[in-house]
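The values are calculated or read from the model by the stated rules, or taken from the named source; none is laboratory data. None of the values given here were measured: they were computed from a predicted structure. Using ideal geometry, Cβ is built from the backbone for each residue, glycine included, and neighbour counts are taken over all protein chains shown. In case anyone asks, the SASA skips ligands and DNA or RNA and just uses the protein heavy atoms, side chains included. Shrake-Rupley method; radii C 1.70, N 1.55, O 1.52, S 1.80 Å.
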Amino acid sequence: MPHYKLYYANGRGFGELSRYLFALAQQDYEDIRFGDDLKWEDFKPSAPYGRMPFLEIDGERFGQNASIARYLANAFNLGGATDLEKLKADGVIDCIQKDILSKVSAVFRVSDEEKKAILKKEAYDNTVEFYGKLEEQVSGENTFLKSGLSWADIVFYNFHTDLYADRFDAIDLSPTPKLKKVIDNVAQNEHIKNWISKRPVTQF
Amino acid sequence: MPEYKLYYGKGKGYGELSRMLFALGELEFTDVRMEDGDEKTKLINNSPYGANPNFEIDGVMYGKNVAIARYVAKKVDLYGKTDIDQLKTDAIVDYVYQDIAGKLLSIYFEKDEEKKAKLIEEGKDFVKNTAVGKLEKQIEGENTFLASGLSWADVAVFNFFHDLYTPFFKEDAFEGSPILKKHSEHVASLPLLKKHLETRAVTEF
């Protein structure tokens, strides 16, 4: 088994996606969090692509959040059962990471309160629109893929619960009952519940 | 053999990477290049994520350009042979299509000329002083990102800079990077890709 070290901030955010995958697989790893004792500024120059999270596998470092998560998902049998299922999962992930997150992230790049409010509304409307599209991609009973739980469900859960929640107007999931089932299925998973009860409590 | 249909506009844009991969793998597909109009609008509105390219496999529609390209890369054996190599190519392609393209795409749609000019300068600066360096670091083979040889990461970098960046910014992003210049030349010289470049439709973007 490879030796894994995940490097991220002391928060949930983007890093939590991989942490959920490690939890589901009950796979040991070093959960390294930047802070006062370990400065991100010291790591940034040599970090792959200059960003966090990055994953160290047997001493070699790899960047790009979705790529890392896909690698872990495949290693833990959470990638999808066939190439077509993986294509479907990749579409879900890219929709969330690009179509939805781009408008969400835009809010944080602006400090002017008036502008921020406008962008927040845009982010909300955009998210609701794409939730409608994601609803149609749910092929299983309570999972995106027919074959069962996959990282697509985790990426969606991570977005909805860790990245979007608390900062924007809450999204009512009743127009998208399948997405609600996806969220509930992840939230009720024993390994996820166990991780959530043990993990450091952070604002974001 | 499944029936593959790629739906995009008439140009290269975000559809071209998959077209190049099909060409490199000599894999047959239907290259549907749609004129703007009702039919195209209807397809896009009904598609999984409301945008082209879309990819139909045996009657089922799939979306998102990088997801599609990754699937095609797998089918033509250009995804990488190990999971670590695949991770490396995924990171490179996402860096190009998310970090670089994502930053630059908004410039294309900016209406305010003054703002556009400023964004263009910032974009060029980012590419030349940050992105190029990051990509150079990823080259592990002889003119390929992977030590094991050609992969879709090579094609993606070539496609983005040759077909989108250079025509739009009207300059060579790899001017100051002999490594990436050589890389581009190598990719362009691959017989199947060379043939594709010589025979494909000529479009602005």
Can you confirm whether the range B:10-19 contains a residue that is within 14 Å of chain A (Cβ to nearest Cβ), among the aliphatic types (A, V, I, L, M) and touching a helix residue (DSSP H, G or I) at 6+ places or on another chain (Cβ under 8 Å)? yes
State all residues of the range A:63-90 that are within 7 Å of chain B (Cβ to nearest Cβ), within 21 Å of the chain's Cα centre (by Cα) and over 17 Å from A:Met1 (Cα atoms); if no residue qualifies, say none. A:Gly63, A:Gln64, A:Ala66, A:Ser67, A:Arg70, A:Leu87, A:Lys88, A:Asp90
Inter-residue pairs, beta-carbon under 7 Å, first within 11 Å of chain B (Cβ to nearest Cβ) and in the range A:43-54, second among the hydroxyl-bearing types (Ser, Thr, Tyr) and not in a helix (DSSP H, G or I), 6+ apart: A:Phe54/A:Tyr7
Are any residues in the range B:142-171 surrounded by 15 or more Cβ atoms within 10 Å (Cβ to Cβ) and either touching a His at 6+ places or on another chain (Cβ under 8 Å) or assigned to a loop (DSSP other than H, G, I, E, B) (or both), and if so, which ones? B:Asn143, B:Thr144, B:Phe145, B:Leu150, B:Ser151, B:Asp154, B:Val157, B:Phe158
Evaluate the following for A:Tyr124: is it hydroxyl-bearing (Ser, Thr, Tyr), within 18 Å of A:Lys88 (Cα to Cα) and in a helix (DSSP H, G or I)? no
Suppose we keep only residues that are open to solvent by 10 Å² or more (accessible area, probe 1.4 Å) and within 8 Å of another protein chain (Cβ to nearest Cβ) within the range A:91-104. Which one would you say is nearest to A:Lys5 (Cα to Cα)? A:Gln97
When the range B:27-77 is examined, which residues are found to be facing chain A (nearest Cβ under 10 Å), of a type in the set (Lys, Arg) and surrounded by fewer than 23 Cβ atoms within 10 Å (Cβ to Cβ)? B:Lys74, B:Lys75
For a quick check of your reading of the model, give me the residue pairs whose first member lies in the range A:1-28 and is on the phi > 0 side of the Ramachandran plot, whose second is open to solvent by less than 10 Å² (accessible area, probe 1.4 Å), with beta-carbon atoms closer than 8 Å and at least 6 apart or on different chains. A:Gly13/A:Asp162
Taking strands (runs of 3 or more DSSP E) that do not extend beyond the range A:1-90, which have at least 2 residues that are open to solvent by less than 10 Å² (accessible area, probe 1.4 Å) and at pLDDT 95 or above? A:4-9, A:54-57
Do you know which of the residues in the range B:89-121 that are open to solvent by 70 Å² or more (accessible area, probe 1.4 Å) and closer than 30 Å to B:Glu140 by Cβ is nearest to the chain's Cα centre (by Cα)? B:Leu105
Among (1) within 15 Å of the chain's Cα centre (by Cα); (2) open to solvent by 40 Å² or more (accessible area, probe 1.4 Å); (3) among the polar types (S, T, N, Q); (4) away from chain B (no Cβ under 14 Å), which single condition is A:Ser197 missing? (1)
Give just the number: which of (1) of a type in the set (A, V, I, L, M); (2) within 11 Å of another protein chain (Cβ to nearest Cβ); (3) free of Cβ contacts under 8 Å to residues at least 60 places away in the same chain does A:Leu173 not satisfy? (2)
Any chance you could count how many residues in the range B:80-90 are in contact (Cβ under 8 Å) with a residue 12 or more places away in the chain and within 8 Å of another protein chain (Cβ to nearest Cβ)? 2
Identify, from the list A:Leu134, A:Leu163, A:Leu145, A:Leu149, the residue that is crowded, with 21+ Cβ neighbours inside 10 Å, more than 14 Å from chain B (Cβ to nearest Cβ) and not β-branched (Val, Ile, Thr). A:Leu163
